[in-house]
Structure formats: structure tokens, C-alpha cells
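The values are calculated or read from the model by the stated rules, or taken from the named source; none is laboratory data. All values reported here derive from a predicted model rather than from experimental measurement. Cβ placement follows ideal geometry from the backbone for every residue including glycine, while neighbour counts extend to all protein chains displayed.
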Amino acid sequence: MTHRILLVEDDTELGRQVKDHLERKGYFVTWLTHGDEALAEDPSSYSILVLDLMLPGAYGLDVLKAARERAEVPVLILSARNETADKVRALKLGADDYVTKPFWPEELVARIEARLRRPGMSQRRVVEAGPLTIDVAARRVLLGDDELTLAPVEFDVLAALAKRVGEAVPRLTLVEEVLDPASADPMRTLDVHVSRLRKKLGDASRQVATVYKIGYRLEAEAVS
Amino acid sequence: MTLRLRLAAGILLTAIPLSLGVLYVRAEAQRRAVEAELREYVEGAMQAGGRWLCELFPQRFGGEGSPMGAWQAEPPPMRIELPEGLNLPEGFELPPFPGADKIPRPPDPKPGQKVAIWAYDPQFTSANPKARAIPDALRSKLEAGERFAAQSFEWEGYDSIRVVMRMDWDKGPCAIVMAERQVEARLAEGASAVVWGVAILGAAVLGIVLLLAGPIVARIRSLGDQVKTSARSNYEMPVEAKGSDEIAALARDFNEAGRLVREHVESVEARRKTLQDFVANTTHDVMIPLTVLKGHLSGIHEALAAGDAPNDESVRGSLREAQYIGSLLHDLGAAAKLDAGDVALDQTDVDLGALVHRVAERHKPLAHSARIQLEFAVPEADVSTRGDVTLIEQAVNNLVHNAVRYGDEGGHVSLLLGETEGRFTITVWDDGPGVAEDELKRLAEPGYRASAARTRDPQGAGRGLAIAHEVAQRHGFELAFRRLDEGGLEASLGGPVSVRQ
């Protein structure tokens with residue numbers, strides 16, 4: 001599904017850059033440069049609002065307030081101000097997050113994606129990770145079309161990673177979710193289980209990446 | 001109205017009702033005294049022979065007179081007059097009126113004033129045709145069973161008192177006696193004495209008060225002059241505050257207020273100076289990376305114009321400098337805020353997961369261009385702490401910025417938020433060149449001055465870490481550095497989590 005984004009930014013250079021970048025990422029972007037225009041929009045027809053605070057016409061915080069009164073749509077604030085009071089005010093008025101200028105386009109996209117992904121993140125029961133298909137509820141793992149046989153604890157490790165596919169998962173979290181933290185040297189035990197899991201995954205073993213100092217990550221995209 | 005005038009008016013306002021009150025009480029006492037006097041007289045006179053006389057010659061008993069009293073005006077007979085037609089034999093005299101000279105005289109009025117006495121039978125009728133009728137008010141009181149009644153009335157322009165009383169015997173033409181007396185002169189005389197007394201006393205008190213108020217007024221004037229002088233010296237010069245009375249307290253309060261004003265002015269001045277320095281330093285510091293950035297960009301432009309691919313190092317340099325400029329501006333903002341003191345800290349609940357996410361995403365493009373793998377992880381549950389979100393974010397930002405900026409190509413930087421036993425920890429690891437032991441000690445030294453953050457240190461970690469230290473100290477967080485055995489540096493920021501609502 002293509003997400004519709006309402007971008008309100010009065011600086012034409014920055015506005016065009018952000019719009020282009022978001023469109024390249026596959027979003028449908030409506031870009032407004034005036035606060036009053038933004039007030040006239042129906043916020044519920046968008047997936048997310050990206051809002052500058054210093055606007056001609058209605059002030060950004062007023063747009064935010066009006067949007068909050070009318071819809072549950074997430075709001076991301078773009079702020080040139082590095083002042084805590086402004087951020088706190090925006091968050092209190094119902095903004096979900098903010099990005100302080102100057103920002104990288106990638107940074108903004110990451111924040112938008114994080115916001116759009118949030119609902120229902122842990123509800124996913126069937127996770128695709130490259131050639132792997134992990135059905136958490138049925139406790140089944142497919143490599144391509146072949147079903148793999150994993151030991152229960154190995155599956156638990158994989159399922160814990162699958163719940164946060166694409167994100168680094170701290171080893172301590174895995175230990176707490178899967179192993180008995182009170183057992184002797186549980187970190188070492190975890191590493192042993194991961195090593196066995198990778199062996200069984202065969203060609204797909206690189207889908208389970210080691211994250212420096214943090215732990216492991218199940219890569220969402222196929223790793224060659 | 002000046003203080004003295006106010007005091008005088010106050011005394012006058014007190015004296016007037018006071019004298020009226022005294023006058024009233026005095027008049028009342030006098031009235032009672034006259035009533036008692038008349039009553040005593042009537043009782044005494046009637047017992048001492050008045051009754052005998054009255055019952056014998058009721059049609060001639062009583063009268064009014066001045067100044068010697070009713071008896072003198074119409075003196076009682078010294079001898080008994082026989083009824084008409086009855087004659088005594090020649091040479092025979094009736095004995096003298098027994099005890100007539102013993103009948104007491106009425107109480108002495110002042111010269112020119114009158115007294116009167118009349119007798120009545122139980123039906124309030126007098127045998128003496130000259131007698132005044134008993135006023136209804138008194139008569140009804142006696143009819144109601146009282147034995148004595150009195151009233152004030154006006155008699156020939158005088159304030160006067162009249163008493164009516166039943167005698168011990170209830171029969172005969174003298175069962176009820178009324179006595180009257182003019183008293184106004186005595187009352188008026190008393191009143192004028194009181195008025196004079198009050199006037200003299202008031203004048204004396206007024207004089208004393210004005211005399212005492214003199215030094216007070218002088219001190220207040222002097223305090224006023226000193227306040228003006230102090231204000232001209234921007235409250236540097238305190239006013240004199242000797243003594244323990246209200247004026248001294250006022251002077252002390254003024255000195256305290258002056259101190260607060262001075263402090264406020266100083267703090268405003270300090271902030272203005274901070275702002276001025278901030279602008280000057282920012283301009284200076286931003287110019288350097290901007291110049292470098294312009295150099296890179298013109299190199300890229302030249303290459304593109306010549307149809308060549310831009311130099312990779314120029315592109316990466318541009319990204320690096322752009323990131324540096326942003327980071328620098330945030331550092332300078334944070335430094336200004338830290339310099340301004342505790343008042344500038346905005347304490348709120350800070351969502352550390354979102355904060356770590358923001359910092360990591362901000363550095364990914366730079367890390368990517370430097371071929372450094374930047375990773376981060378946050379717990380699923382929210383972790384928050386109390387503090388200033390801008391400053392905490394800048395502190396974490398600087399830890400990550402240093403790790404990325406000074407990391408080796410192909411290296412790793414990891415950022416992890418964890419929570420255990422009511423404390424959060426944000427750890428930043430890198431596998432870069434690390435730091436020497438003595439430099440590590442320097443990093444771990446708290447109490448960097450924020451101004452040190454403005455020094456561009458191309459080699460090292462001083463600038464941003466000084467801010468991180470200061471932020472940690474202000475929040476009561478711990479900032480620690482550790483060399484990793486396998487090389488690289490671990491920096492960790494820890495502190496209490498805020499209680500979830």
C-alpha cells in the first residue's frame with residue numbers, strides 16, 4: 001500500500017528535496033508551504049503528517065493541534081529550533097516524534113518508516129526473511145519450499161529474532177526470552193544455539209547476522 | 001497627607017467621641033445624683049414635720065421659690081391658724097408649730113434657680129390650688145405600683161429634674177409628693193469643664209506625638225534619600241539599616257530587594273554575554289568547516305564540468321563536513337545552555353528509545369560514507385528518564401559522533417539502550433583505534449568547562465565529550481569510558497529511569 005504523506009515546509013529548497021526523496025522511496029507526497037493551507041487539509045486522508053514549526057500563516061503547533069483534534073494520524077515535527085521547550089510543547093500537543101534540522105533525507109525516511117511500522121509490529125505471525133519463511137504460531141520454518149527441522153530452543157531463538165525482523169536484538173533480550181538467565185553462562189549458551197541454528201539454516205545462515213557488541217539480527221532482505 | 005497631619009487628625013477623631021462619651025456618662029451620673037438628692041430631701045422633710053404640716057394645712061402646703069427654696073417663697077406658718085369663725089379666748093396662744101424650724105430646707109440650687117415641692121392625695125389631686133399637675137408619664141408609673149418615678153423636663157428654659165414618690169402612708173392629702181429642681185447650669189458647667197479637659201489633654205498628647213514623630217519622619221526622609229542614591233548606584237550601595245524597629249526592617253527589606261535586582265541584572269548580563277560569545281564563536285567555528293565544504297563542492301563541480309566522475313573523497317568529505325557543521329551548531333547551542341546555568345534546564349520525561357533511534361539514524365549516512373557499520377538496539381518497552389531532551393540527545397549524539405568520525409573504514413559502531421533495576425544505560429562501542437591510557441583519564445575527568453567545547457580539536461574527542469560530561473553532571477548521570485581488550489572504546493551513559501505513569 002502506498003502511504004500518503006502531507007509535507008508542510010515553507011522553505012522551497014528543503015521542501016522540494018524532501019518531497020523528491022520521499023517520492024523516490026515510493027511515498028505519495030502532498031507538499032504545502034503555507035500554514036493556512038495545511039489547516040484546510042483533511043488530516044485523516046494521510047498516513048503521516050510531516051510538519052515544519054515556523055510557517056507563514058498558521059503556526060506549525062496550531063496545525064498540529066488542529067490535526068490532533070480531527071484525526072489519529074501520526075505527526076512528525078521538522079524543527080530548526082534546537083530548543084527543548086518547543087519539542088516538549090510539540091510532543092505534549094500530540095506530536096509523535098521530531099527531527100531536528102539539519103537532517104539527512106535518510107534520517108527523515110527512517111523516522112517516518114519507524115512511525116508507520118509501529119502499529120501491529122509484534123502481531124505478525126508469519127515473517128519473511130530472504131529465503132526463509134517463519135510461521136511463529138505454527139512453529140514452522142521453510143527454506144524456500146523445504147521445511148527445516150529445528151530444536152525447540154533453536155526455533156525460539158529464531159522466532160525471537162523474527163518478531164523484530166530487520167532490527168538488532170540484544171543478546172540479553174534473547175537470553176531473557178528464550179533461555180534461563182539463571183543458568184551458568186547463558187550468553188555462551190546462546191552463542192552455541194545460534195551457531196547450531198546457522199548450521200541448520202545452511203545457505204540461509206547469513207540471514208542471521210551478528211551485530212557488533214549488541215547481539216543478532218534477522219535480515220529481512222536476502223543476503224547473498 | 002503627611003505623617004504629622006495624619007497623626008493630628010487621628011487624635012482629633014479619637015478625642016471628639018471620647019469627650020461626647022464622657023459628657024454623657026457625667027450627665028447621667030449627675031441626673032441620678034440630683035434624683036437621689038431630691039428623694040432624700042422629700043423623705044427627710046416629710047418625716048421631720050412636713051407631713052404634720054401638710055395634713056394640717058393641705059391647701060397651703062408646697063410652692064416654688066428662688067433662691068432660698070419653696071419654704072422661703074411661701075414660708076410655712078409658725079403658728080396654727082384657726083378655721084374661720086372660731087376664736088380663741090383673749091390672752092390664749094396656740095403653742096408654736098412644733099419643730100417647724102427643724103424641717104430641712106430643700107437642696108440649695110444656684111442663685112437664680114428654682115426648686116418646688118407639692119403634695120397630693122392618693123388620687124393625684126392636690127389640695128393646694130397652685131400645685132402643678134403630676135405629668136401623665138410619672139403618674140402612670142405610680143399607678144402601676146412603683147413608689148418612685150423621676151423624669152427630666154424643661155422648666156423656664158432650664159434642664160430640670162422632677163421626682164414623684166409615694167410616702168409610707170397611703171392615705172390623706174399628702175400621700176404623694178412631687179419635688180422639682182432646675183439643674184441646667186450645673187450640667188452645662190460640668191460639660192464645659194469636660195470639654196476643656198479633653199481639649200487640653202488632646203493638645204498635650206498631640207504635642208507629644210508630634211515631638212516623637214519628628215525623628216521618625218526624619219528617618220523616613222533620610223531612608224527615602226538613601227534609596228534614591230542606592231538606585232542611582234544600581235543598588236550597589238546599601239541603605240543604612242540600624243536598629244530593630246519597622247523602619248530598620250524596611251531598610252533591610254529594601255537592601256534585600258536591591259540585592260535580588262542586582263542578581264537579576266547580573267544574570268541577564270551574563271546571559272547577554274553568553275549569547276554574544278555564542279554568536280561570535282559560532283560564526284568563527286562554522287566558517288572553517290564551511291570553507292572546507294566549499295572546497296570539496298567546487299572540486300566535485302569541476303570534475304563534473306570536465307565530464308569526470310567526482311572524486312569519492314570529495315563527496316565523503318562534503319558529507320563529513322556537513323555533518324560536522326550541524327553537530328557543531330548543536331554543540332554550541334548546548335554549550336550556551338549549559339553556561340547559562342541550571343535555570344535553563346527543561347526537565348521533562350525523555351523517551352530514550354526514540355532518542356537513541358534519532359541519534360543512530362542521524363549518523364547512518366555519515367557512517368555509510370565512511371564504510372562503518374552503525375547498529376543500534378532499544379528494548380521493546382519504553383525507557384524514559386527525567387531531563388532536558390535536547391542536552392541528553394546532544395550528549396549521546398557526541399558519543400556516537402566521535403565513534404563514527406574517528407572509526408576505521410570497515411569498522412563497527414554499536415549503540416545499545418538497556419534498562420536494569422531502575423537504571424538505564426546507553427552504551428556506545430567502536431572498534432576504532434581507541435585512545436591512549438592517559439587520554440582516557442582525561443576523557444573521564446569531569447568538570448570540563450563548557451567553553452572548552454568551542455575549541456576545534458581535529459585530533460580528538462575533547463569538544464563533544466566535554467559537553468557530554470557537563471550534561472551528565474547536570475543530570476546526575478554517570479558517564480564512563482573503558483578501553484576494550486580487543487581495541488576500541490566503550491562509552492556509557494547511565495542514570496535513573498523515570499517512574500512510569
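Within the range B:431-443, at least one residue is modelled with pLDDT of 90 or more and either crowded, with 24+ Cβ neighbours inside 10 Å or not in a helix (DSSP H, G or I) (or both). Elements of the type helices (runs of 4 or more DSSP H) sitting completely within the range A:139-218 and holding at least 1 residues that are assigned by TED's automatic domain parsing to the domain that holds residue A:127 and farther than 22 Å from residue B:417 by Cβ: these cover A:152-163, A:186-201.
Out of all the residues in the range A:139-159, is one or more of a type in the set (A, V, I, L, M, F, W, C) and within 14 Å of chain B (Cβ to nearest Cβ)?
No, that holds for no residue.
Would it be correct to say that residue A:221 is in contact with a Gly (Cβ under 7 Å, 6 or more places away or on another chain) and away from chain B (no Cβ under 14 Å)? Criteria met by residue A:221.
Being in contact (Cβ under 8 Å) with a residue 60 or more places away in the chain and more than 14 Å from every other protein chain (Cβ to nearest Cβ) is the requirement here; does residue A:179 meet it? The answer is no for residue A:179. For residue B:296, the criteria (1) crowded, with 18+ Cβ neighbours inside 10 Å; (2) within 14 Å of another protein chain (Cβ to nearest Cβ); (3) of a type outside the set (Val, Ile, Thr) hold in every case but one, which is (2).
Based on what the data block shows, is residue B:390 on the phi < 0 side of the Ramachandran plot and facing chain A (nearest Cβ under 9 Å)? Judged against the criteria, residue B:390 is a match.
Listed here are the residues, each with its yes/no results for (1) among the hydrophobic types (A, V, I, L, M, F, W, C); (2) assigned to a helix (DSSP H, G or I); (3) in the same structural domain as residue A:28 (by TED's automatic domain parsing); (4) under 19 Å from the mean Cα position of the chain (by Cα).
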position: A:39; (1), (2), (3), (4): yes, yes, yes, no
position: A:99; (1), (2), (3), (4): yes, no, yes, yes
position: A:102; (1), (2), (3), (4): no, no, yes, no
position: A:127; (1), (2), (3), (4): yes, no, no, yes
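Does residue B:314 meet the test of being assigned to a helix (DSSP H, G or I), within 14 Å of another protein chain (Cβ to nearest Cβ), surrounded by 13 or more Cβ atoms within 10 Å (Cβ to Cβ) and polar (S, T, N, Q)? Against the criterion (assigned to a helix (DSSP H, G or I), within 14 Å of another protein chain (Cβ to nearest Cβ), surrounded by 13 or more Cβ atoms within 10 Å (Cβ to Cβ) and polar (S, T, N, Q)), residue B:314 does not qualify.
Restricting the range B:130-166 to residues that are in a strand (DSSP E or B), at pLDDT below 90 and among the charged types (D, E, K, R), the residue that is farthest from the chain's Cα centre (by Cα) is B:154. Which is surrounded by 15 or more Cβ atoms within 10 Å (Cβ to Cβ), within 30 Å of residue A:220 (Cα to Cα), among the β-branched types (Val, Ile, Thr) and away from chain B (no Cβ under 14 Å), of A:127, A:109? Just a single option satisfies the conditions, and that option is A:127.
Determine which member of the set A:201, A:190, A:197 is over 21 Å from residue A:128 (Cβ atoms) and either more than 14 Å from chain B (Cβ to nearest Cβ) or more than 21 Å from the chain's Cα centre (by Cα) (or both). Reasoning before the result, please.
Details: A:201 fails: over 21 Å from residue A:128 (Cβ atoms); A:197 fails: over 21 Å from residue A:128 (Cβ atoms).
Only one candidate passes the filter, namely A:190.
Considering each of B:248, B:213, B:218, B:231 in turn, give the residue that is surrounded by 11 or more Cβ atoms within 10 Å (Cβ to Cβ), free of Cβ contacts under 8 Å to residues at least 40 places away in the same chain and either touching an Asp or Glu at 6+ places or on another chain (Cβ under 6 Å) or closer than 28 Å to residue B:8 by Cβ (or both). Result of the check over B:248, B:213, B:218, B:231: B:248. Which residues, counting only those in the range A:176-224, are touching a helix residue (DSSP H, G or I) at 6+ places or on another chain (Cβ under 6 Å), buried (at least 20 other Cβ atoms within 10 Å of the Cβ) and modelled with pLDDT under 90? Within the range A:176-224, A:178 is the sole residue that qualifies. If you go through the range A:140-166 and keep only what is farther than 22 Å from residue A:215 by Cβ, surrounded by fewer than 16 Cβ atoms within 10 Å (Cβ to Cβ) and touching a helix residue (DSSP H, G or I) at 6+ places or on another chain (Cβ under 8 Å), you end up with just A:149. In this structure, residue B:275 qualifies as surrounded by fewer than 16 Cβ atoms within 10 Å (Cβ to Cβ) and closer than 20 Å to residue B:394 by Cβ. The residue that is nearest to the other protein chains (Cβ to nearest Cβ), counting only those in the range B:393-429 that are assigned to a strand (DSSP E or B) and out of contact with any strand residue (DSSP E or B) (no Cβ under 7 Å at 6 or more places or on another chain), is B:420.
Among A:75, A:88, which is the only one that is in the same structural domain as residue A:115 (by TED's automatic domain parsing) and free of Cβ contacts under 8 Å to residues at least 24 places away in the same chain? Checking each option against the conditions leaves just A:88. Do you know which residues across the range B:241-253 are under 18 Å from residue B:218 (Cα atoms) and in a helix (DSSP H, G or I)? Those that are under 18 Å from residue B:218 (Cα atoms) and in a helix (DSSP H, G or I): B:246, B:247, B:248, B:249, B:250, B:251, B:252.
Of all residue pairs spaced 6 or more apart or on separate chains, those with beta-carbon atoms under 7 Å, a first member in the range B:342-367 that is more than 7 Å from every other protein chain (Cβ to nearest Cβ) and a second member that is modelled with pLDDT under 85 are B:344/B:337; B:366/B:320; B:366/B:323. Scoring residue A:67 on the criteria (1) outside the structural domain of residue A:201 (by TED's automatic domain parsing); (2) closer than 30 Å to residue A:157 by Cβ; (3) in contact with a Leu (Cβ under 7 Å, 6 or more places away or on another chain) leaves a single failure, condition (2).
Could you check the range B:19-53 and list, in sequence order, the residues that are aromatic (Phe, Trp, Tyr) and in contact with a strand residue (DSSP E or B) (Cβ under 9 Å, 6 or more places away or on another chain)?
B:41
Restricted to the range A:60-86, and to residues there that are in contact with a helix residue (DSSP H, G or I) (Cβ under 6 Å, 6 or more places away or on another chain) and in a helix (DSSP H, G or I), the residue that is nearest to the other protein chains (Cβ to nearest Cβ) is A:84.
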